[in-house]
Amino acid sequence: MSDVTRADICTIACAEAWRGDGEVMASPFGSVPALGARLAKSTFAPDLVLTDGEAALVHGIPTLATRPDELVRESYVPYKTIFAIVWSGRRHIMMMASQVDQFGNQNIAAIGDHAKPKAQLVGVRGAPGNSVNHATSYWVPDHNPRSFVASVDVVCGVGNDRAAAAGPGASRFHDLRRVVSNLGVFDFATPDGSMRIASVHPGVTLDEVAAATGFALAGIDGDVPVTREPTEAEAALLAELDPKSLREREVSA
Amino acid sequence: MADKQTTVSAMADEIESGMTLGIGGWGSRRKPMALVRELLHRDVTDLTLVSYGGPDVGLLVDAGKVSKVICGFVTLDSIALDPLWRAARQAGAVELTEVDEGLFYLGLQAAAWRVPFLPARAGLGSAVQSETPAFRTVANPYVDGPFADPEDAGAELFAMPALRLDVAAVHVNVADTAGSGMVLGPDAHFDDLFLGAAARRFMTADQVVPAGTLADHGPLERATIHRLLTDKVAETPNGAHFTANPPSAPRDEAFQKHYAASAKDPETWAAFKERFLSGDESAYQSAVETWRSEQ
């Protein structure tokens, strides 16, 4: 399919993160993960649970263009309940990362010294708790050596190395799944829990990925699969679920 | 039955330099902004703010009232970052104790339950722990016996300390004179815990009604603030402006945008403060009305 865009590929890669998850809360951050979760729920992960972003779980599958007053809300889930769900483990979040490192530590808090940052970002938010309580994936729409770094400035989401070092309190339910970027898909299926390239997006070379990554990626010298394209049915769903093509605005190709 | 009515100004009188002040709401949602605005005019300094941060934090920090903030974020929701907060942080102007959102909840809960800490997995391995060495962990005491879970036998857990507050301030849609409060919007957030964690407890409201009549204004289960949680109540219509306070008022997105745009530049920020924040609350509300009519 010649009209498949990089954003479409990224959306499929995000959707695949939730495959096999069953009845868990899918919490996507960013338009591409939001669309991916909806696509997954529409197809191979029908039991996923979505929220209205305020204080309710929603019934059915809203599109990215559905207005809040059009949502069908099925149960009341204020923030106190959200934390109960986080700590129960019945959630798979896909957060964004301003920085992500070789062991999957994530930073959304600040660039530079925490006491006086060069750039203040959103803050640790719920990342420390999310990452040690339930499945966690990341979406990085601009893969470059400043976003894929050897070591993050402020650890918000906890990576494999630090979870292991903190012991079973942190590692028991730590479940780092995948990182999707505009260049490829990355997981941590290595003996030491370091990042590995799982697939490269169509049209991207492995040299590009290596040059855009601030550390040595496992598997980059091997046989790397190409990230799959949407099926025809999925392509139709993408158009239906994202009628204003918000996904295209988020991805630098 | 005591009549707890007072004024926002009288509440501000009780907030002294060096105190720890907890502010209810979440981000740019249902913040006690009238009280925050009143504090901008006071000579109080060296406050420690405990907040799910929004423009309350940005404004008080910018005005030099604050030496320390305990939070997990400072956001305007529809705008990711409060520009005043960004500027203060990048200037190193304020000390930040950064905690996970859920740990923050546990810290308030611990204070409200009068226990020194509550354990969690959250925080372990993250910058919450490494940036604040004063935080401690606790060993799981259940290593054997009938309650032991072998999977957690050797676990160290994060011990979130009680976030004890000198003063807490929250804003609700409707309060009664005896100090009960009703939140009619989608989420009462953690306001009950802010109040429970504080020595002195203030509730502002768009409307204050006679004691015992809250149920005339909405479903009783929305009256989540009972009067054992409050000391003083003050009526201040539209007192959460410009943060979201449905159904009384949605977030004033246009005005929030104007606030955020103005705050990015010293000159436009000075003009904003002169126009909107130099007078009292009624001057603020009418300046906003005038601004709106010009748009």
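The values are calculated or read from the model by the stated rules, or taken from the named source; none is laboratory data. Keep in mind that this is a model prediction, so the values were computed, not measured. Reconstructed Cβ throughout: ideal geometry from the backbone, glycine too, with neighbour counts over all protein chains shown.
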Pick out, from segment B:37-141, the strands (runs of 3 or more DSSP E) lying fully within it that include 1 or more residues that are surrounded by 24 or more Cβ atoms within 10 Å (Cβ to Cβ), among the charged types (D, E, K, R) and within 12 Å of chain A (Cβ to nearest Cβ).
B:95-98
Hey, could you check segment A:49-59 for residues that are assigned to a strand (DSSP E or B) and under 19 Å from A:A15 (Cβ atoms) and say which is farthest from the chain's Cα centre (by Cα)?
A:V58
Given (1) surrounded by 17 or more Cβ atoms within 10 Å (Cβ to Cβ); (2) out of contact with any helix residue (DSSP H, G or I) (no Cβ under 7 Å at 6 or more places or on another chain), number of the condition B:E221 does not satisfy
(1)
Within segment A:24-45, can one find any residue that is under 23 Å from A:I85 (Cβ atoms), buried (at least 24 other Cβ atoms within 10 Å of the Cβ) and among the aromatic types (F, W, Y)?
no
Can you find a residue that is within 14 Å of the chain's Cα centre (by Cα) and either more than 14 Å from chain B (Cβ to nearest Cβ) or modelled with pLDDT of 95 or more (or both) anywhere in segment A:115-129?
yes
Across segment A:140-191, which residue is nearest to B:V138 (Cα to Cα) among those that are among the charged types (D, E, K, R) and more than 14 Å from chain B (Cβ to nearest Cβ)?
A:R177
Considering only segment A:172-213, how many residues are in contact with a His (Cβ under 7 Å, 6 or more places away or on another chain) and in a loop (DSSP other than H, G, I, E, B)?
4
Output yes when any residue across segment B:100-113 is closer than 30 Å to B:W269 by Cβ, at pLDDT 95 or above, under 17 Å from the mean Cα position of the chain (by Cα) and aromatic (F, W, Y), and no when none is.
yes
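Listed here are the residues, each with its yes/no results for (1) outside any strand (DSSP E or B); (2) at pLDDT 95 or above; (3) not aliphatic (A, V, I, L, M).
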{"position": "A:S27", "(1), (2), (3)": "no, yes, yes"}
{"position": "A:V32", "(1), (2), (3)": "yes, yes, no"}
{"position": "A:R38", "(1), (2), (3)": "yes, yes, yes"}
{"position": "A:D47", "(1), (2), (3)": "yes, yes, yes"}
{"position": "A:I61", "(1), (2), (3)": "yes, yes, no"}
{"position": "A:A65", "(1), (2), (3)": "yes, yes, no"}
{"position": "A:T81", "(1), (2), (3)": "yes, yes, yes"}
{"position": "A:V100", "(1), (2), (3)": "no, yes, no"}
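Give me the residue from segment A:64-105 that is polar (S, T, N, Q) and surrounded by fewer than 16 Cβ atoms within 10 Å (Cβ to Cβ) and, out of that set, farthest from the chain's Cα centre (by Cα). It would help to see each step written out before you state the result.
Looking only at segment A:64-105, we keep the residues that are polar (S, T, N, Q), and these are A:66, A:75, A:81, A:88, A:98-99, A:102, A:105.
Restricting the remaining residues to those that are surrounded by fewer than 16 Cβ atoms within 10 Å (Cβ to Cβ) gives A:75, A:81, A:88.
Numbers: A:S75: 25, A:T81: 22, A:S88: 20 Å.
Taking the candidates together, the pick is A:S75.
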